[in-house]
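What follows is one structure encoded as structure tokens, with my remarks underneath.
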Amino acid sequence: MPPTASRVTTAVTTIRPAVVGKLNERQVLRLLQTRGPMSRAEVARESGLSAPTVSKAVASLLKAGLLEEADAPELARGRPAPRLRLATSSTQVFGIAIDVGHCEVVSAGLDGVLHGDTLKVPTPGTYPELIDVLEDSLRELMAKPGMTTLGCGVSLPGLVDFRKASGVLSPNIPMTNGHSPAADLARRLGIECTLLQESHALCLAERHYGLARGLDDFAVLDVGAGVGLGVMLGGRLLKGNSGLAGEIGHVTVVASGGRKCGCGNFGCLETVASDSALAYHASRKLNRAVNADEVIELAKSDAVDLTAELEEIAGYLAIGAAAVVNLFNPQVVFIHSPLLDIDPGLLVRVVERVGQRALPPTFADCRLLRAEGSKCQGAVAGIIQHLTDAVAPDVV
Ligand SMILES: [Zn+2]
């Protein structure tokens, strides 16, 4: 027997049954995640696994709390087979989006569907107060009778070191620097928590629940108080050496005379293409401090004419988006921004300008769309992925 064939035989015979079991569980989970509720027999038919193998995998997933049995539709004759679905009626996960002006908290089932309304709390001034406020909000949701809580995803702005699972440098919320809100909440509440950089959260939200379903190569340009970028290449999030990739907001676009940025530099993209940039212009016009949340409402209500300033911001936004098109050759660049609420025609004008700046063959292959997903949904997708990986890892 040639040496290569011998090695292959050895590798196959040494795969542990436990590993195969986990791979089967992963396959069953993925099927239910992509296709929705189905019976054990349907799972066996669709997956190609044997009925006993499916029963064993399902029993393990039910025990872990990731699946539940739902009522089956009535059959004409005989007892209906129970349908399996991702746990949602008595199981919840949380998604938290920490932001400059306020934090949002949601509860969802393992299918990612939100259970109720979004809780909004003002972002406090210090890190201990922030954790207190988030803990109180989560405890309120955990107190719901008959509900088991499996975990919480936390979306955080700024640089997030994924190896240390902590904030590193947040120009807009510096109180989180050096802290891990996910680890602190996990310690206080005794549940699994995972930390996500907010642009990565938006990528997950768009891929699982938005317009990027089925797309492997896309980017989300997040234009809020700052400007962030999440990039999905070949179905994987671009993270960089320590998770700090994608900080397009701190690329210099005003070479001289630019305003000071929260990062300490001057003329960064987010000083001229963000809600904060518009708030800066509004503050000068009104001769009072206007924050990023307030300026969107002001501009929508025509209380102050910011037409020229919005056009300038659109121009810089197009520079950022064209750079993303040229650098990553995505199928779609999604723009997540409340600025698009001010003027329905703004996105069209940004797209025109991107077309003038991006390389024609790359631009011809790419669409620019408004993002549908939210950071809270991304945080939910992140904790569901974390829990799924813990029970049935993708690569064993
Ligand atoms: Zn900067």
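Annotations for the structure displayed:
- 0 to 90° range, to nearest 10: angle between helix 127-142 axis and the chain longest Cα axis: 40
- Packing-based ranking, highest mean first, of 22-29, 249-256, 376-383 given that Cβ atoms within 10 Å are counted: 376-383, 22-29, 249-256
- Net charge in the neighbourhood of Cys366 (other residues with Cβ under 13 Å of its Cβ; Lys, Arg +1, Asp, Glu -1) is 0.
- Gyration tensor (alpha-carbon) shape descriptor, region 266-396, a/c threshold 1.5: oblate
- Ranked by the mean number of other Cβ atoms within 10 Å of their residues, highest first, the peptides 113-123, 290-300 fall in the order 290-300, 113-123.
- Count of Lys pairs (Cα-Cα under 22 Å; at least 8 positions apart or interchain) in the chain: 11
- In this rough spin-label picture, where each label sits 7 Å from Cα along the Cβ direction, the Asn265-Glu311 distance is 2.9 nm.
- Backbone amide hydrogens, once placed in the peptide plane, bring Ser39 within less than 5 Å of Leu84, excluding anything fewer than 5 places away on its chain.
- Of all beta bridges that DSSP places with both ends in the chain, some 60 percent have antiparallel geometry.
- Burial order of peptide ranges 232-238, 347-353 (average beta-carbon count within 10 Å, highest first): 347-353, 232-238
- For Glu140 and Lys63, the difference between the fully extended length at 0.36 nm per residue and the C-alpha to C-alpha distance is 25.1 nm.
- Applying a DSSP loop filter and a limit of 10 other Cβ atoms within 10 Å to the trypsin sites (Lys or Arg not before Pro) in region 127-184 leaves Arg163.
- Once both labels are positioned 7 Å from their Cα atoms along Cα-to-Cβ, the gap between Arg349 and Val113 label points is 4.1 nm.
- Mean ellipticity per residue at 222 nm, deg cm²/dmol - from DSSP H runs of n ≥ 4 across the chain, formula -39500 (n - 2.57): -13500 deg cm²/dmol
- Over the chain, Cα pairs under 8 Å with separation of 6+ residues give a relative contact order of 16 percent.
- Between 0 and 90°, nearest 10: helix 275-286 axis offset from the chain longest Cα axis: 30
- Relative contact order, whole percent, for region 38-146 stands at 16, derived from Cα pairs under 8 Å and 6 or more residues apart.
- Between 0 and 90 degrees, the angle of helix 51-63 with respect to the longest Cα principal axis of the chain falls at about 50 degrees.
No lab work stands behind these numbers, since they all come straight from the coordinates. It should be emphasised that the depicted structure is a prediction, and the values quoted were computed from it without experimental measurement. Cβ: placed from backbone, ideal geometry, glycine included. Neighbour counts: every protein chain shown.
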